[in-house]
Amino acid sequence: MNRLFDKKESWTNEERKTRQDESLSGMVKLGYEKSARLKQIFDTNKINPLNIKCREDLEKLPVTSREKLVDMEMQETPYAGLENSAMPIDRIFTSPGPVYEPHLSEDDHLWARAFFAAGIGPKDIALNAFSYHLVAAGLTFHSGLRKVGATVVPSGTSSSQIQVQLIQDLKVTAYVGTPSFLSSIIVKAGEMGFDFKKDFRLKKACFAAEPLFPDMRRSFEKDYGIDTYQMYGATEVGDVAYECSQKNGWHICEETIVEIVDPATGKNVAPGELGEIVVTRLNDIFFLLRFGTGDLSRIIIDECPCGRTSYRIAGISGRIGDAVKVRGLFIAPSQLKMIQSKFNNLPLQANVSRVGNDDVLKVRVEKISPEIGTPAWENNFKKIFREICTVKIDQMEYLSAGMIKPEEKLIVDQRQW
Ligand SMILES: [Zn+2]
């Protein structure tokens, strides 16, 4: 069996850089021709596209954050004019914001490298418990699993009881989803009278969209005999990095250029220093250069014993700015502002904490009028909150008027990373 997905994974650093620099300059040249928005960005910043010849030249360009992309897309739906209008687009995904993303080509290796590194192959029956509804996760993980030959059970966000049934009946060997959902499935299996380790064949799990805490990982591996792997990506740019069997950092995907930058300046930090992960995905469909993920990490340049020569990122150390992820979904201040505007500029604050392995979202609001806090008001508020932010509120807290100071953050993240 091949240890690597393809030859690219064993390229020398020099070879990788040469090839990626060539792809980058090609992408920039094409983008300047095909995308009016990209042309405008270059012209405004007085940059000649022919002067973007290598990854170091990217520093001349601004970093585009998720918030900024949402603004740009609102001005020019659906893709902010960053797409290649000459290319057919087979699927359009959305994520909270709202932000729209054209699906990359069917030939793209999206997530396949990650599954290969996790040892998933043609003998596996994989439960894909990511949502197939609107968001990119379900379908892109699905096609990555198919690319390594696995059989996929597209269980999506079905209840944990159904997932247990599928694991049992279909002799599922691998799980793809969030770690917290796998925890719920394990609990449910226990309630249904199963011994997860003995009764099931599920021995591998690939996680994304949520952090995998060391205690959880230890429990999955020791208590339930599940070999766990982490994958990292963003809807806007696809897969970015993945863990190999060494489980010591995440290899950067061959199709992406990852920079670790100082969020204040947009300049690359020294190797090993913490900074924001900024991604440029080399492709000819969506010309999003220097996407700022808002996630913090550092680069590992030491060689990995697995044989892959790509640099690694050292997990995620936290978030820059105020947008936070709750149960794998972002909540941005812009969304909370939208809710405030629907409720007469209601002073409010979202508070995210963690109980055990679960994120808990509490929303604090000021009782600025008598109906606030009544069951009817609360139901309506929760409904609108969910429509805008996608995430469900776990707790409400009602405060007297004036308790939330104007200088306080809209979202407070109390979780320890
Ligand atoms: Zn490795």
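For this structure, a couple of remarks:
- Among the residues examined, E106 does not qualify as away from the ligand (no atom under 16 Å from the Cβ), buried (at least 19 other Cβ atoms within 10 Å of the Cβ) and within 21 Å of the chain's Cα centre (by Cα).
- Looking only at the range 237-256, residues that are on the phi < 0 side of the Ramachandran plot and surrounded by 22 or more Cβ atoms within 10 Å (Cβ to Cβ) come to 11 in all.
- Among residues of the range 140-155 that are free of Cβ contacts under 8 Å to residues at least 40 places away in the same chain and open to solvent by 20 Å² or more (accessible area, probe 1.4 Å), those with a Cβ under 6 angstrom from a residue that is outside any loop (DSSP other than H, G, I, E, B) and not aliphatic (A, V, I, L, M), sequence gap 6+ or separate chain, pair up as H142/N128; V152/N128; V152/H142; P154/N128.
- All positions within the range 202-229 that are open to solvent by 40 Å² or more (accessible area, probe 1.4 Å), in contact with a Lys or Arg (Cβ under 6 Å, 6 or more places away or on another chain) and free of Cβ contacts under 8 Å to residues at least 60 places away in the same chain: Y224
- Just one of the listed residues (G292, G307) is small (G, A, S), at pLDDT 90 or above, within 16 Å of the ligand (Cβ to nearest atom) and in contact with an Asp or Glu (Cβ under 8 Å, 6 or more places away or on another chain), and it is G307.
- Residue match in the range 238-253 (condition: away from the ligand (no atom under 13 Å from the Cβ), within 30 Å of I388 (Cα to Cα) and modelled with pLDDT under 95): yes
- Subset of the range 62-86 (residues that are in a loop (DSSP other than H, G, I, E, B) and closer than 16 Å to V28 by Cα): P62, V63, G81, L82, N84, S85, A86
- Search result, residues across the range 184-198 that are farther than 18 Å from E221 by Cβ, charged (D, E, K, R) and open to solvent by 60 Å² or more (accessible area, probe 1.4 Å): E191
- Inter-residue pairs, beta-carbon under 7 Å, first free of Cβ contacts under 8 Å to residues at least 60 places away in the same chain and in the range 62-86, second part of a helix (DSSP H, G or I) and exposed (fewer than 14 other Cβ atoms within 10 Å of the Cβ), 6+ apart: G81/A36
- When residues of the range 45-61 are limited to those that are outside any helix (DSSP H, G or I) and free of Cβ contacts under 8 Å to residues at least 60 places away in the same chain, the one least open to solvent (accessible area, probe 1.4 Å): I52
- Tally of residues being within 23 Å of R354 (Cβ to Cβ) and assigned to a helix (DSSP H, G or I) across the range 134-162: 2
- Some residue of the range 339-360 being among the aliphatic types (A, V, I, L, M), farther than 23 Å from V135 by Cα and touching a Gly at 6+ places or on another chain (Cβ under 9 Å): no
- Filtered residues of the range 296-319 (kept if farther than 17 Å from R55 by Cα, assigned to a strand (DSSP E or B) and open to solvent by 10 Å² or more (accessible area, probe 1.4 Å)): L296, I300, R319
- For the range 109-125, the tally of residues that are within 16 Å of the ligand (Cβ to nearest atom) and either surrounded by fewer than 20 Cβ atoms within 10 Å (Cβ to Cβ) or aromatic (F, W, Y) (or both) stands at 3.
- Restricted to strands (runs of 3 or more DSSP E) entirely inside the range 341-417, those with at least 3 residues that are under 27 Å from the mean Cα position of the chain (by Cα) are 348-355, 358-366, 411-413.
- Options A205, A241; residue that is outside any helix (DSSP H, G or I), touching a Leu at 6+ places or on another chain (Cβ under 7 Å) and closer than 29 Å to V278 by Cα: A205
- Matching entry among R312, R298 (being within 16 Å of the ligand (Cβ to nearest atom) and within 30 Å of C244 (Cα to Cα)): R312
The values are calculated or read from the model by the stated rules, or taken from the named source; none is laboratory data. Computed from a predicted model, the values in this text were never measured in an experiment. A quick note on method: Cβ atoms are made from the backbone with ideal geometry, for glycine too, and the neighbour counts reach across all protein chains shown. SASA here: full protein model, heavy atoms, side chains in, ligands and nucleic acids out. Shrake-Rupley method; radii C 1.70, N 1.55, O 1.52, S 1.80 Å.
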